[in-house]
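The values are calculated or read from the model by the stated rules, or taken from the named source; none is laboratory data. Predicted model only: the values in this text are computed from it and were never measured. Every residue, glycine among them, receives a Cβ derived from its backbone with ideal geometry; neighbour counts consider all protein chains shown. Each accessible area value is taken on the protein alone, full model and side chains, heavy atoms only, with ligands, DNA and RNA left out. Shrake-Rupley method; radii C 1.70, N 1.55, O 1.52, S 1.80 Å.
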Amino acid sequence: MKRTGGALIVEALKANGVERVSCVPGESYLAVLDALKDSGIETLVCRQEGGAAMMADTWGRLTGKPGICMVTRGPGATNASAGLHVAKQDSIPMILLIGQIGRDMKEREAFQEVEYRRAFTEFAKWVGEIDDARRIPEFVTRAFAVATSGRPGPVVLTLPEDMLLDEVEAPEAKPHTPVEAHPGPSQIAALGEMLKTAKRPMVVLGGTRWSETSVAGIEAFAEKFKLPVGCSFRRQMLFDHLHPSYAGDVGIGINPALAREVKEADLLILLGSRFSEMPSSSYTLMDIPYPAQKLVHIHPDPSELGRVYRADLAICAAPEEFVAALGILEAPAAPTWAGRTESMHAAYLAWSTPPKAGPGAVQMGPIMEWIEANTPKDAIFTNGAGNYATWLHRFHRFQAFNTQAAPTSGSMGYGLPAAVAAKQLFPEREVICFAGDGCFMMHGQEFATAIRYNLPIITLVINNSMYGTIRMHQEREYPGRVSATDLTNPDFAALAKAYGGHGETVEKTEDFAPAFLRARASGKPAIIEIKLDPEAITPSRTLTQIRNKA
Ligand SMILES: Cc1ncc(C[n+]2csc(CCOP(=O)(O)OP(=O)(O)O)c2C)c(N)n1
Ligand SMILES: [Mg+2]
């Protein structure tokens, strides 16, 4: 039976278990859009390709299976590159399908022509162009295999418009076969020996390819060995923050006491993480290439092992397989470091207790305290980049897997599309987006997507009328010389209402709780604007203090 290229693409996606796609349509891939219509795949029509790609990233992040995004050539593809870069840096499986110009017009710089195999090679794990519709099953299977294996990442497939119209005979699409890597028994035994002689061990979790099972498994291991566990930057959902082994967030603005513990550890077990610039405090916590700590590095991709840090024991395995193999290790009756683990957890609890006071009429400390007491353990929190995110990262005590979607690439604007995608995936769970006034306006138009698909997310816009992070850096480096960081904003509550959502404005701390409860009760996508004093730039220091110290 002959089918069009467009139909074969959709068939191959379905064969690989795809249930949803995000897109902005384009005339370049009408045949795919047509095949999607009766496919049973849910199609989320978005307002800008950057947001659409970020939604696919969030699906990949929260399911471990590639999130799928479809965009048109040229401007559609360049817009989508914002989300592609997030997925690349964050090791997220994702497939971006780009409608391409016809094969007969290539290399003339035709309308919206881009050669993606040149342009996107750095942003993607693999960029492929399907020139022959009969090869669609081959390319799509490979796209899934590449996106999910080793260190996961985004794959780009470009689809020439005329290829999608060809009617061909092609083999029936089959699902890809996931690739697993297991640790060897001698490697686990070597780790056991290292633990026997360690005095100041520490575990740091990060990366992707985790699951509820592996998160529970590492918790049991930490418990058995009384090991202190930290989470890498924006990977906080990997360990219950109220567990007695939890030592804190190894990220931006790390607790200096925790940074010291990482530096002075004699055995560091780095599980899943690349320990890149942000978690390593700009590469100062471990020496390169020879760390002072004895290093056990476990990563699913051999090319990440020995790339920056030379490990004493390098294990090529995904967290899932590594954790499953740990059961055979015998714990000492009374680990000598148990007291240290307890005091590290106590230090974490103190560090993550919000301040009661700060400048202005709205206090973020008590607001965070209220959120902690009044949101379910499985609520999902999303954010982009900005100083406002510190309130979430430092004071929210993550307790469950799949409760966080945040870009380690520091991409502003990620929080809102991520919240839309998370709510689509888990409609029964509360989804709360933290955004700054700068951040929100980058992909705020996806609030219309939340309205269209009836996804009642709650967005907190923490409005200090500036690109606060950059202003903070300015006050440090060029005190008193404010340049290009002030903002003029819309009335965010009115904006929410104009879209058909629920809007609230918080001007005093005590306004927050009733505003949040009304937003939740509205059953609509909501924006709560929190008017924050610009002086309240960090939980501990004001802008003026930073300027005066410069
Ligand atoms: C897409 C993107 N553009 C620019 C930056 C640089 N940047 C980092 S934080 C920031 C300001 C964020 O402002 P806002 O969202 O209002 O948060 P605030 O720091 O004020 O709390 C900027 C411009 C970035 N990280 N990402
Ligand atoms: Mg701001």
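Remarks
- Label point at Val45 placed 7 Å out along Cα→Cβ; residues across the range 441-481 whose backbone nitrogen lies under 20 Å: 444-456
- The packing ranking of peptides 425-435, 509-519, 63-73, 175-185, highest mean first, is 63-73, 425-435, 509-519, 175-185, where packing means the average number of other beta carbon atoms within 10 angstrom of each residue.
- If the segment from Thr78 to Ala357 were pulled out straight at 0.36 nm per residue, it would be longer than the present Cα-Cα gap by 96.0 nm.
- Scalar couplings 3J(HN,Hα) for the range 407-413, obtained by applying the Karplus form with A = 6.51, B = -1.76, C = 1.60 to θ = phi - 60°, are x, 5, 6, x, 7, 4, x Hz; x denotes Gly and Pro.
- Looking at the range 353-549, the accessible area is 38 square angstrom per residue; that uses a 1.4 Å probe and ignores ligands, DNA and RNA.
- Each principal axis of the Cα cloud of the range 276-366 was taken in turn, and the coordinate range along them, longest first, works out to 52, 36, 27 Å.
- For the chain, the equivalent ellipsoid derived from the Cα gyration tensor has semi-axes of 38, 32, 20 Å, listed largest first.
- Per residue, the convex hull spanned by the alpha carbons of the range 353-549 comes to 109 Å³.
- Residue among His297, Val179, Tyr116 farthest towards the positive dipole end of the chain, charges placed on Cβ: His297
- Reciprocal of mean inverse Cα separation for the range 185-339 (Kirkwood radius, Å): 15.2 Å
- Volume per residue for the range 292-343 equals 121 cubic angstrom (convex hull of Cα atoms).
- Stokes-Einstein diffusion for the range 360-471 at 37 °C, viscosity 0.692 mPa s, with a Kirkwood radius from C-alpha pairs, works out to 233 µm²/s.
- Antiparallel %, DSSP beta bridges [both residues in the range 3-168], to 5: 10 percent
- Modelled spin labels at Asp491 and Ala324, positioned 7 Å past Cα toward Cβ, are 5.7 nm from each other.
- Against the empirical 2.2 N^0.38 Å (N residues), the range 435-550 has a Cα radius of gyration ratio of 1.19.
- Values of log10 I(q)/I(0) for the range 122-179 across q = 0.20, 0.24, 0.26 Å⁻¹ run -0.76, -0.98, -1.06, by the Debye formula with one identical scatterer at each alpha carbon and no solvent.
- A Cα-only calculation for the range 314-425 places Rg and Dmax at 18.4, 56 Å.
- Between Arg476 and Glu169, the modelled label-to-label distance comes to 6.6 nm, taking each label 7 Å out from Cα in the direction of the beta carbon.
- Scanning residues 5 or more positions from Ile315 or on other chains, those with amide H under 5 Å from its amide H are His297, Ile298, His299, with H placed 1.01 Å from N in the peptide plane.
- Peptides 151-159, 97-105 ordered by packing proxy, namely the average of other Cβ atoms within 10 Å per residue, highest first: 151-159, 97-105.
- 13 Å reach of a label modelled at Ala373, 7 Å along Cα-to-Cβ, counting backbone N of the range 336-352: none
- Geometric extent, Cα atoms of the range 1-68 - Rg, Dmax (angstrom): 12.1, 37
- Rg and Dmax, both from the Cα atoms of the range 31-142 and both in Å, are 13.9, 41.
- For peptides 25-37, 474-486, sequence by mean Cβ density within 10 Å, most packed first: 25-37, 474-486
- Computed from Cα atoms alone, the Kirkwood hydrodynamic radius reported for the range 314-353 is 13.0 Å.
- Using C-alpha pairs below 8 Å separated by at least 6 residues, the relative contact order for the chain is 12 percent.
- Placing unit charges on each Cβ (+1 for Lys and Arg, -1 for Asp and Glu) gives the chain a dipole about its Cα centre, and among Thr488, Ala519, Leu268 the Cα reaching farthest toward its positive end belongs to Leu268.
- Estimated Rh, the range 408-469: Kirkwood, alpha-carbon pairs, angstrom: 11.8 Å
- Whole-angstrom Cα spans of the range 255-306 along principal axes, big to small: 32, 21, 18
- DSSP finds beta bridges in the chain, and of those with both partners inside it, around 5 percent are antiparallel.
- With DNA, RNA and ligands ignored, accessible area of Met466 (1.4 Å probe; Å², nearest 10): 10 Å²
- Cα centroid of the range 56-115 to Cα centroid of the range 469-520, whole Å: 32 Å
- Carbon/sulfur fraction of accessible area - the chain, other protein chains in place, 1.4 Å, %: 53 percent
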